[in-house]
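> Dropping the structure in here first, questions after.
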Amino acid sequence: MSASERASGTPQAALLLAFLILIAALAANYLFYRSLVDDQDATLERHVRQLAEYVHADMLDGVNEQILAHQRMAARFDYHGLEDWSGWQREVSLFKSHHAFYHAIGVLDPELEIIWIEQSDAATSDARLIFAPARYHAGALREASQTGEFVIARPVLIPGGRFTLTFYHPIGVGVAHRGFLAATFSVPDAVERMISDMFRDELKLRVRSRGEIVFPYPEPDEFNTYQWQAGFAIDLDGDGDAMEFEFGLSESSRQQYASALPRVAIIGGSAVSLLLAIVTFLALNAGRHANVLARSNNRLEQEIRERELAEQEMELLVTHDTLTGLPNRTGSTRYLERILADSEGEKGQLALMFFDLDQFKDINDSLGHQLGDQLLCEIPRRLATVLKDRDFVGRHGGDEFLIAAIRPLREDIEQLAINILRSLDHGFAIDDNRFFVSASIGIAYYSESGETVADLIQNADTALFKAKNAGRNQFAVFTREMFSQAQHRLNLSRDIRHALDAGQFRVVYQPIVSVKDLSLVGLEALLRWQHEKGYQVPPQEFIRVAEETGVIGRLGEFALERALSDLAEWKKSVKQPPGLAVNVSGAQVREGDFAEKLSMLLHRYRIQPELIHLEITEEVLIENLMRNRRMLEKLNDIGMRIVVDDFGVGYSSLAYLKNFPISVVKIDRGFIQDLADDHEDQAITRTICSLAGDLGMQTVAEGVERLDQLELLRQFKCDFAQGFLFSRPVEAEAISTMLTGELPWRNVATEAHQ
């Protein structure tokens, strides 16, 4: 082969090799693209399955709630007798007003003949035709009349194309069997009611029953070709023909969660593959195309520069907060470490401030997280008006900021803290909203309060805690006494957990009496703790620490279960026990399943809901108005009475109480202590009693210790009272004696009537 032939063959070989590399790179890029697409689809499918699990739990809770409601209704029918027609109508009307998806509710005698029936105004068919299939379940119903179990009839298609389900609950068991409570509801309407709006907006849902589409009705045409991603089945009657729930992600949610990364990968990867093939071709022909190689080198240098810029951007993302642009926790730690290292030779006082907005959670809950984020972005700008250029500001997380400053004297540092607090007084204007916020600041001095960044942050946080407890909108400087207090809270929190496990807590009860005739009308359950070292821990101390450290939920569950257990024992000796008031913490109210847990406890101990009075504070009421209102309404629907405890020491507004299902207001003992001598206390107490009575609420006065206080409460038309005048908190055994014997305050009753 001549030299000219070899020269002409070289470009062809280079082109072939470049082509093969291009094909291999494109194939690898496509496999990578497919893996990204598959991962995204798998992620979306997992998300749908997770949402389906939440819906499954909601549906089961909803169905169980209806079954429990039917059982309680059947039990009350059995208790009051089938002759109480007016009682039936009130019970059913109240129940149907809360659950509008019910088609009909009726009562059948033991021979399955209809005794009484009430049908919804929106019903389109005769409910007697719906109850007629009960005869097809006669065997199961006879067995249910002996066991007390309920029976669910097969779904029935009514005019309009909607399926209904009918539940049959025995009224009385065995020889006391009186018939059945029959309740029929529309399956589509019930599904619509039991599924949260949040899930319904994000998901597509279809429900089948025995091959028929029962939800949605009518079925959209697009569902015939839709690919369902998750589902579950609920077999209500245990016959193997379950209701099948199918879920898929809505188009808007799919677009929201879909990532552009696969598309970027296929486009960018193809471009990189082509670039690699070109670079290979040019490299193999370097001798003939030196200028092309030079351009390739320039492009390579550009890629290197871009990578360096990308690394710098990545470092910025790692060390800075994306919302405010300030150094984040990691960036703040690095910067503060450099400040400590550089401050050794400087004159002046170095201080670290822990800055936290007061009630920022309320802003997020009431005005939305978007406005809250905008407020957080305004905070650094406002701080810049009082800080120097060399002062450091970083975002520690949430609404918490770190400020490091060096000043000649400590007085200058504390004046700076005052200036920071005052800078917030002007308020903030965001999206046509103007509102005012305050902050609390904790200060830790280097090196007196710590020689490391971690110690300074921790101790500044401890000082912040003191500032908030002192009333907020102020600053506090860390001292060694604060460290001891923090250690005490930590040790006490540990001891509380140990005491719960070791059974050191007990529940005592203080009687609540009628102001009118001094009869025993109720009891308040109170926690007491005998420490293993022998001393009594004051309730106000261990309850405050339990709330701060998150143990209050366990304490509340213990007190509630013990109180219900004692009430169940008292019911064995007296026909009508007094009401039992139990304090409920904000942590318990925030639990989404608190009402369900409480219902299970009532069922376990066979306690009527109306005997339980749940005492909550005013702060719990306003903590999250919408969420807590729903929870309190759910508890009220169950039948429990809601009591506002220590009224008058918090927000003290009867105006907002009217928006909650409140039954009783407890007047704080601070107004009762000097009631006989303080005209202002008398005016406040008289006003609370009067307004509460006008709103249909009852009042309880706490801390009654003298007869003159009792006499004034009678004049003010206060309903109930409790205090040492009648009895100190006593053990459950002493309460049993009171219920079956003579009341210990009989002498008080005699003196009060003289």
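> Criterion first (modelled with pLDDT of 85 or more, of a type in the set (A, V, I, L, M) and either in contact with a Leu (Cβ under 7 Å, 6 or more places away or on another chain) or crowded, with 20+ Cβ neighbours inside 10 Å (or both)) does Ile512 satisfy it?
On the way: modelled with pLDDT of 85 or more: yes; of a type in the set (A, V, I, L, M): yes; either in contact with a Leu (Cβ under 7 Å, 6 or more places away or on another chain) or crowded, with 20+ Cβ neighbours inside 10 Å (or both): yes.
Spelling it out, Ile512 is indeed modelled with pLDDT of 85 or more, of a type in the set (A, V, I, L, M) and either in contact with a Leu (Cβ under 7 Å, 6 or more places away or on another chain) or crowded, with 20+ Cβ neighbours inside 10 Å (or both).
> Scan the stretch 692-717 for residues that are of a type in the set (A, V, I, L, M, F, W, C), touching a Cys at 6+ places or on another chain (Cβ under 6 Å) and closer than 21 Å to Leu526 by Cβ and jot them down.
Ala701
> Is there a residue in the stretch 577-586 that is within 20 Å of the chain's Cα centre (by Cα) and in a helix (DSSP H, G or I)? First the steps, then the outcome.
First, pick out the residues of the stretch 577-586 that are within 20 Å of the chain's Cα centre (by Cα): 583-586.
When the remaining residues are screened for being in a helix (DSSP H, G or I), the result is 586.
Taking every residue of the stretch 577-586 in turn, at least one turns out to be within 20 Å of the chain's Cα centre (by Cα) and in a helix (DSSP H, G or I).
> Is it fair to say Asp399 is within 28 Å of the chain's Cα centre (by Cα) and acidic (Asp, Glu)? Full working, then the answer.
Numbers: within 28 Å of the chain's Cα centre (by Cα): yes; acidic (Asp, Glu): yes.
It is true that Asp399 is within 28 Å of the chain's Cα centre (by Cα) and acidic (Asp, Glu).
> β-branched (Val, Ile, Thr), surrounded by 17 or more Cβ atoms within 10 Å (Cβ to Cβ) and touching a residue at least 60 places away in the same chain (Cβ under 8 Å): is that true of Val704 in this structure? Write out each step before concluding.
Numbers: β-branched (Val, Ile, Thr): yes; surrounded by 17 or more Cβ atoms within 10 Å (Cβ to Cβ): yes; touching a residue at least 60 places away in the same chain (Cβ under 8 Å): no.
Taking the combined requirement at face value, the residue does not satisfy it.
> Report yes if Leu340 is more than 23 Å from Glu414 (Cβ to Cβ) and in contact (Cβ under 8 Å) with a residue 12 or more places away in the chain, otherwise no. Lay out the reasoning, then the answer.
On the way: more than 23 Å from Glu414 (Cβ to Cβ): no; in contact (Cβ under 8 Å) with a residue 12 or more places away in the chain: yes.
No: the conditions fail for Leu340.
> In the stretch 165-271, which strands (runs of 3 or more DSSP E) lie fully inside it and hold 3 or more residues that are modelled with pLDDT of 75 or more, within 30 Å of Gln40 (Cβ to Cβ) and not basic (Lys, Arg)?
On the way: elements: 179-186, 203-209, 212-215, 230-234, 243-249.
It comes to 203-209, 230-234, 243-249.
> Would a scan of the stretch 549-563 turn up a residue that is in the same structural domain as Ile607 (by TED's automatic domain parsing) and in a loop (DSSP other than H, G, I, E, B)? Let's see the steps before the verdict.
So in the stretch 549-563, the residues in the same structural domain as Ile607 (by TED's automatic domain parsing) come out as 549-563.
Checking which are in a loop (DSSP other than H, G, I, E, B) leaves us with 550-551.
Among the residues of the stretch 549-563, at least one is in the same structural domain as Ile607 (by TED's automatic domain parsing) and in a loop (DSSP other than H, G, I, E, B), which makes the answer yes.
> Suppose we filter the stretch 520-541 for residues that are touching a residue at least 12 places away in the same chain (Cβ under 8 Å) and over 32 Å from the mean Cα position of the chain (by Cα); how many remain?
5
> In addition: Give Val507, Val513 a once-over and let me know the one that is over 30 Å from Leu712 (Cα atoms) and either assigned by TED's automatic domain parsing to the domain that holds Gly442 or touching a strand residue (DSSP E or B) at 6+ places or on another chain (Cβ under 9 Å) (or both). So that I can check it myself, show each step before the final result.
Values: Val513 fails: over 30 Å from Leu712 (Cα atoms).
From the options Val507, Val513, the qualifying one is Val507.
Each row is one residue, and each column tells you yes or no for (1) under 19 Å from Ser514 (Cα atoms); (2) surrounded by 17 or more Cβ atoms within 10 Å (Cβ to Cβ); (3) among the hydroxyl-bearing types (Ser, Thr, Tyr); (4) modelled with pLDDT under 85.
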{"position": "Val644", "(1), (2), (3), (4)": "yes, yes, no, no"}
{"position": "Tyr651", "(1), (2), (3), (4)": "no, no, yes, yes"}
{"position": "Tyr656", "(1), (2), (3), (4)": "no, no, yes, yes"}
{"position": "Pro661", "(1), (2), (3), (4)": "no, no, no, no"}
{"position": "Arg669", "(1), (2), (3), (4)": "yes, yes, no, no"}
{"position": "Ile672", "(1), (2), (3), (4)": "yes, yes, no, no"}
{"position": "Ala676", "(1), (2), (3), (4)": "no, no, no, no"}
{"position": "His679", "(1), (2), (3), (4)": "no, no, no, no"}
{"position": "Thr685", "(1), (2), (3), (4)": "yes, yes, yes, no"}
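> So if I check each of Ile406, Ile413, which one is at pLDDT below 95, crowded, with 18+ Cβ neighbours inside 10 Å and in a helix (DSSP H, G or I)?
Selected residue: Ile413, the only one of Ile406, Ile413 that is at pLDDT below 95, crowded, with 18+ Cβ neighbours inside 10 Å and in a helix (DSSP H, G or I).
> Can you list residue pairs whose Cβ atoms sit under 8 Å apart, with the first residue in the stretch 30-47 being closer than 10 Å to Ala265 by Cα and the second being β-branched (Val, Ile, Thr) and part of a helix (DSSP H, G or I)? Count only pairs 6 or more apart in sequence or on different chains.
Close Cβ pairs satisfying both conditions: Tyr30/Ile266; Tyr33/Ile266.
The values are calculated or read from the model by the stated rules, or taken from the named source; none is laboratory data. Everything numeric in this text was worked out from a predicted model, so none of it was measured. Note that we place each Cβ from the backbone using ideal geometry, even for glycine, and neighbour counts take in every protein chain shown.
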